[in-house]
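Right, one structure below, let's go through it.
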Amino acid sequence: MHIEVLKNLFETHKESHLYHRYITNAHIEPLFKKLESKMTIEVIGASVLKKPIYGIRTGSGTKKILMWSQMHGNESTTTKALFDVLNTLSEGTDITEHVLSSCSLYIIPILNPDGAEAYTRVNAQNIDLNRDAQTLSQPESKILRQVFNTFKPDFCYNLHGQRTIFSAGKTNYPATVSFLAPAQDAQCTVTPNRKRAMELIAAMNATLQLVIPNQVGVYDDAFNLNCVGDTFQSYDVPTILFEAGHYPDDYARDKTRMYIYMALMQSLDYIALNRVEGVHYQSYFDIPENNKCFYDIIIRNVRLDLDKTNSYGDIGILYQEILKEGVIAFMPKVEKIGDLSSFFGHQEINANGSKVLNEENKPLEVGFENVVVLINNEKTSLLLK
C-alpha cells in the first residue's frame, strides 16, 4: 500500500476510545458492539482469575493469519493498533476488500487480561506466558495453543511492546518498531519456513523506512523452545515477533501505534496479493540488530567526587511505569552512575561540572527515585513534560 493511503486509513479508523498505555478488557469490550455485525466475536476461555479471553474472526479467504496481543499484560500498544486495523477492515472499502476475500484472520486482542488489569508482564500466577510454550501450565497458554491447533494458521503474529532502552543498532536512533523471525532450531537455521517470515518482515520494513528511517530493528534470534514464537516456528508455521518501541516524546505510545498499524496493514496487503514463498527474504538481514543504548534521561558532566577526589561522569535515569488509579505514571529512577559516553538519552541535561543532589541536598545514588534534582542549587524536574 502507498504510504499516504496507509496514513489516511489510520487517521480515519483510529480507535479514539483506546489511548495511552493502560488497556484492559473493560476498555475493549464496549468496542465489540460496532464490530459484531461484520465479525464474529467469541469468548474462547478464561484467565486464572476467570476473566474472559476473546477471539475475533474476520475474512473469508484461504490464507489464515493468527494474531495475539498482550500476552504480556503491560504491553498494550499493539492492542490499540489491532483495533485500528479491525475498524479499517470492518468498513469493507475497496482498498481493503481484497484482504478480507483472500485472508481469514483470527485475533486474540488481550491474551492475558489479569496481567493487563494489574499492568504486569506476567499473569495472575506470576508466570511469563511467553516462556510457557512447552509446559502449557497456564490456562491462557492452553487457550492460545487450542486456537493454534484448531485454526491451523498459515502465519502467526506475536505482538509485544519493548522498553525505551532499545536502539536500532549501536546508534542514537530508537528502535520504534522491531521484528524477529524466530529460530526454529538450536542452530538458528535459515529454513524455508523462516524465509517466509523474513520476506514479510522485509516488506514491512520497506514501508516503515519511508516514515521512520533507521528506527527499525531486529532481535537476536537465539533459540528458546519455551518461547511461543520459537515453538510455532518449529511447527513450520511462519511466525513473526512484533515489538512496539519508543518514538521521541511518545511515552503514551500513540505515535508508535500508527507505525505498528502501518506494518500490520502492509503485511496483510502483501499476503493477500502475493504467494509468500520466502524468495524475497534477503533484505531482512539489512535490518540492524537491537542494542541497549538508551536511558530515558542522562545528566551529563556531573561532579561525582568519588573517594573525595574530583571526578566527573554521568547519571542514567530510567522511568518506572506505575499504575495509579487507572493511569500509568512515569517515576524517574537512577539506574547507573559513571561513564555513559557510549549511551544516549532520550532527554539529556548538562550539569556543567556541578554536583547533582536530591531535594535533601544529598548526592544521587543508584536506586534513588527523584522527581526533582538540584543542579547548581537550581531545581530541575525529571518528570515527563
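What the table shows:
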item: For the stretch 66-104 versus the stretch 29-59, the gap between their alpha-carbon centres in whole angstrom; result: 13 Å
item: Selection from 24, 198, 168 lying farthest towards where the dipole of the chain points positive, charges on Cβ; result: 24
item: Loop GluC sites (Glu not before Pro), the stretch 25-99, which have at most 14 other Cβ atoms in a 10 Å radius of their Cβ (DSSP); result: 36
item: Relative contact order (percent, whole number), the chain, Cα cutoff 8 Å, 6+ residue spacing; result: 16 percent
item: Most positive-pole-ward Cα, 320, 301, 371, against dipole of the stretch 295-381 from beta carbon charges; result: 301
item: Listed residues 318, 159, 304, most fluctuating in the chain (Gaussian network, C-alpha, under 10 Å); result: 304
item: Listed residues 226, 214, 352, most fluctuating in the chain (Gaussian network, C-alpha, under 10 Å); result: 352
item: Gaussian network model of the chain, springs between alpha carbon atoms under 10 Å - residue of 95, 107, 287 with greatest fluctuation; result: 95
item: Exposure proxy order (Cβ contacts within 10 Å, fewest to most) of 341, 141; result: 341, 141
item: The stretch 336-385 and the stretch 133-193: distance between their alpha carbon centers, rounded to Å; result: 36 Å
item: About the Cα centre, charge dipole magnitude for the chain (Lys/Arg +1, Asp/Glu -1 at Cβ), debye; result: 380 debye
item: Radius 15 Å from Cβ of residue 49, net charge of other residues (Lys, Arg +1; Asp, Glu -1); result: -1
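Values quoted throughout were computed directly from the atomic coordinates according to the rules given, and no laboratory measurement underlies them. It should be emphasised that the depicted structure is a prediction, and the values quoted were computed from it without experimental measurement. Cβ: placed from backbone, ideal geometry, glycine included. Neighbour counts: every protein chain shown.
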